[in-house]
1. Mind checking whether some residue in segment 270-282 is closer than 19 Å to residue 149 by Cα and without any contact (Cβ under 8 Å) to a residue 40 or more places away in the chain?
2. Determine, yes or no, whether residue 112 is touching a helix residue (DSSP H, G or I) at 6+ places or on another chain (Cβ under 8 Å) and part of a strand (DSSP E or B).
3. Give segment 63-85 a look and list any residue that's in contact (Cβ under 8 Å) with a residue 24 or more places away in the chain and in a loop (DSSP other than H, G, I, E, B), or say none.
4. In segment 45-87, what count of residues is obtained for those that are surrounded by fewer than 22 Cβ atoms within 10 Å (Cβ to Cβ) and more than 16 Å from ligand 1 (Cβ to nearest atom)?
5. Could you pull out the residue among 231, 207 that is more than 16 Å from ligand 2 (Cβ to nearest atom), in the same structural domain as residue 284 (by TED's automatic domain parsing) and within 19 Å of residue 284 (Cβ to Cβ)?
6. Could you tell me which numbered condition residue 295 fails, if it satisfies all but one of (1) within 16 Å of ligand 2 (Cβ to nearest atom); (2) loosely packed, with under 12 Cβ neighbours inside 10 Å; (3) modelled with pLDDT of 95 or more?
7. Restricting attention to segment 138-147, and to residues there that are touching a helix residue (DSSP H, G or I) at 6+ places or on another chain (Cβ under 7 Å) and surrounded by 16 or more Cβ atoms within 10 Å (Cβ to Cβ), which single residue is farthest from residue 293 (Cα to Cα)?
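The values are calculated or read from the model by the stated rules, or taken from the named source; none is laboratory data. All figures in this text were calculated on a predicted structure; none of them were measured in a lab. Methodologically, a virtual Cβ is constructed for each residue, glycine included, from the backbone with ideal geometry; neighbour enumeration extends over all protein chains shown.
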Ligand code: FES
Ligand SMILES: [Fe+2]
């Protein structure tokens, strides 16, 4: 399969949830965030619930994130106007009449906190029509979990494709986890659904040497899945014997060309209790960062080249297992077709062989 794709447009999906912060980051102070090129301020109301407003005071357009939270309301640092979690103006210091007025309202966004993240619905003033993606395993006591956030230059599509792309690992990450000399032939099964796409890799051998023996003392075959879920979740899953790793990355489009990756890796190792697995995860973090920075550097080069040429022009083969399907999903979702009814419906399945 050879396919050429031209596009000037970056799909923007506005009817869905995106991670804007970790719950632990949002304390007493307001937080300034970006989503789809818009500035949003997060804060906690009097009950401790997370709230999200446009980060622009309706009065003279000072960023509200430069202000402070007073009794669960956000106070602008310039003239002290105050705003409730729903964006209503609750105080205009010195004004003898009622503070609340339509022209003084600040745009607000639906917010929910789940699995340790603050999720914001991307359309101002809209009522969410679905739940945010549920992060599996983060509440499972048998698993240790490590978080990592990194900003990269590139679209959600480019970053998701990179996170789920197998062939680049032998080149860009040579020597780190693939490309050590041996080549294996795998079977790839790709399943496309209306809200996600999944690739299953069959036939990956157990890693050689000590690593393989530590991960699977009793042997076993590698089960490997790569998945993308709308609007922007990339997930890699490995199972080998008793070992299980699930790396889920929630991608947040800061703007069309910049993406924040909120990575969550939950894992379980044979004979290692989670409280001991946790420090092992922390020890492996620097290695993970080496890999992530290699990806970030190549994505920045890709993005700069696309910007210089003013267009994307992709020539894909079937080794580009998920990228073209991810783009199709994004384009389809951008047109706003409701995904709820179709969520579990399998639209097609294909399989082929690949050498890595
Ligand atoms: S600019 Fe915010 S109160 Fe005046
Ligand atoms: Fe990579």
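1. yes
2. no
3. 63, 67, 71, 72, 81, 84, 85
4. 10
5. Numbers: 231 fails: within 19 Å of residue 284 (Cβ to Cβ).
Going through 231, 207 in turn, the sole match is 207.
6. All conditions are met except number (2).
7. Across segment 138-147, the extreme among qualifying residues is 143.
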